[in-house]
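Notes follow the structure.
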Amino acid sequence: RDRGRAGHGARDVELRRRSPEEPTGAGASIASQRVQLGADGEVVSVSFDIEPDAPGRFVYQLRVSAPNDDGNPRDDGRESEMDVVDRQTRVLLLASGPSREYRFLRDQLNRDKTMQVDVLLPSGQPGMALDAHTILSEFPATRDELYEYDAIVAFDPDWTQLDATQVELVEKWVSDEAGGMIVIPGAIHTSNWIRSTEHAKLRDLYPVVFQQRLTLLDDGQFGGELPLALEFERAGRDARFLWLADTAADSELAWSGFPGVFGYYGIKGEKPGATVYLRVIDPEAALGDRNPVYMAGHFYGSGQVLYLGSGEFWRLRALDPAY
């Protein structure tokens, strides 16, 4: 990123790579772009899609050609050390039942040769084919078992089944080991575990704040007859992982055809520091001019947690199977 003043026009942005043993400024140029600067104070984003040719540890450096009157050459470049690994990403799918979103994601991940998917489905019957690398009978109970995973996707999980040691393991796995979680609440288990004092550390992982009233019957907005449209926040429009097309404009056009979702779990709102990507347009549940949160994420230590209000993105197939 470079903050340029109006009138500076286009600048060259170069991406370089070196080994950690080489001095700063060494290494080879691997990509460059000519970028048009925006208005005064505007931050312009630049993306490079790089396919590493070998695993290892590398230092990537981004440099911007500075204007002649640049008063601070120290901010013209940034470095970041990265590990390039050549192995499958291990994902644990945890679900209270075989919902459509669970089945869709499981099949998609199984087709991806870079992924290895294990499944924990308590409602599954003995001998049932679950299309996974490994079928788990219980949630990982030791550090060695849990730390093998890179990501956990939990559909309406019954976290009350985890004991104190497992709760501690999950919290440390996210915060210390950069574990990633996608969590989707549901109508069966969520209202029970969110009030459990023994599972407070799991609530801490979530980027949203749950209601804590004695009754939660009006919180679970599931099973409506009409779809509720989704509203993109700025962060949602900019998030590449939500793009349905190659450009932001084409993606926004594609999303405009999505009728919406038929349910979501009602919450108080996002936590401080969380990023809201999507809201659900529900006039009956809106707080002033703010609609309820549908998708939000945050960093927790070195890990990340993404929250979805319901599991309904499989509905995108109705618009185009490619989505």
When the accessible area of the chain is split by element with a 1.4 Å probe, what percent falls to carbon and sulfur?
-> 49
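Taking 25 Å as R0, compute the FRET efficiency from the Cβ-Cβ separation of SER32 and TRP243 and round it to 0.05.
Numbers: r = 24 Å, r/R0 = 0.94.
About 0.60, to the nearest 0.05.
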Name the most mobile residue of GLN33, GLN304, GLN108, meaning the one with the largest mean-square fluctuation, in a Gaussian network model of the chain with Cα contacts below 10 Å.
-> GLN33
Fully extended, how many nm does the chain gain between GLU42 and ARG290 (0.36 nm per residue separation, minus their Cα-Cα distance)?
-> 86.7 nm
At 0.36 nm per residue, minus the direct Cα-Cα distance, what do ASP86 and ASP112 gain on full extension? Give it in nm, one decimal, please.
-> 7.9 nm
Describe numerically, in nm with one decimal, the distance between label points set 7 Å from Cα along Cα→Cβ at PHE299 and at LYS271.
-> 1.4
For the modelled label position 7 Å from the Cα of THR142 along Cα-to-Cβ, which residues of region 156-179 have backbone nitrogen atoms closer than 20 Å?
-> 162-174, 177
For Rg/Rh (Cα atoms, Kirkwood Rh), which listed value, [x] 0.96; [y] 1.00; [z] 1.18, comes from the coordinates shown?
-> [y]
Mean ellipticity per residue at 222 nm, deg cm²/dmol - from DSSP H runs of n ≥ 4 across the chain, formula -39500 (n - 2.57) = -4500 deg cm²/dmol
Of the residues PRO185, PRO157, PRO259, which exhibits the maximal mean-square fluctuation in a Gaussian network model of the chain defined by a 10 Å Cα contact cut-off?
-> PRO259
Compare TRP243, TRP159, TRP255 by solvent-accessible area with a 1.4 Å probe and give them largest first, with all protein chains kept in place.
-> TRP243, TRP255, TRP159
What is the distance, in nm, between label points placed 7 Å from the Cα along the Cα-to-Cβ direction at THR134 and at GLU177?
-> 1.1
How large is the charge dipole for the chain, taken about the Cα centre, if only the Cβ atoms of Lys, Arg (+1) and Asp, Glu (-1) carry charge, to the nearest 20 debye?
-> 260
Accessible-area ranking of VAL208, VAL46, largest first, probe 1.4 Å | VAL46, VAL208
So for region 125-200, using the alpha carbon gyration tensor with a ≥ b ≥ c as root eigenvalues (a/c under 1.5 gives rounded; past that, a/b versus b/c decides prolate or oblate), I'd call it oblate
Using the heavy atoms of the protein chains and a 1.4 angstrom probe, tell me the accessible area per residue for the chain in square angstrom.
-> 56
Computed FRET value (nearest 0.05) for GLN211 with ARG100, which takes r as the C-beta separation and R₀ as 22 Å | 0.25
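The values are calculated or read from the model by the stated rules, or taken from the named source; none is laboratory data. Predicted model only: the values in this text are computed from it and were never measured. With ideal geometry, Cβ positions are generated from the backbone for all residues, glycine too; neighbour counts draw on all protein chains shown. Quick note on the areas: whole protein, heavy atoms, side chains included, nothing else; ligands and nucleic acids left out. Shrake-Rupley method; radii C 1.70, N 1.55, O 1.52, S 1.80 Å.
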